[in-house]
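Written out below as structure tokens is the structure these notes cover.
The values are calculated or read from the model by the stated rules, or taken from the named source; none is laboratory data. Please read these numbers as outputs of a predicted model, since none were measured by experiment. Backbone-built Cβ (ideal geometry, glycine too); neighbour counts: all protein chains shown.
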């Protein structure tokens, strides 16, 4: 049986978890990126729904941290287009 990955210090998610961060505000995006990377996450960043869709097609992510108000639509549109392959949604 595989053992779960060790948790990153003070994080609550596995070290090396892959995260897609979708945030159009550059300052907030940098802060969130630094926080996640500081806890051992591997982070890909998108600033629009179009960029996020491209990254979701090209890469596998354990988590998606999603802005609800993006320049090209609601972040929920990205989740709706996942065809039922979405885990938990926190608001």
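Before moving on, here are some points about what is shown:
- Taken over region 29-61, the criterion of being farther than 20 Å from residue 78 by Cα and exposed (fewer than 15 other Cβ atoms within 10 Å of the Cβ) is satisfied by 30, 31, 34, 35, 37, 38, 42.
- Of the residues making up region 16-28, just one is exposed (fewer than 13 other Cβ atoms within 10 Å of the Cβ) and modelled with pLDDT under 95, namely 16.
- Exactly one residue out of 41, 46 is modelled with pLDDT of 90 or more and out of contact with any helix residue (DSSP H, G or I) (no Cβ under 7 Å at 6 or more places or on another chain), and it is 41.
- Residue within region 6-15 that is at pLDDT 80 or above and either surrounded by 12 or more Cβ atoms within 10 Å (Cβ to Cβ) or assigned to a helix (DSSP H, G or I) (or both) present: no
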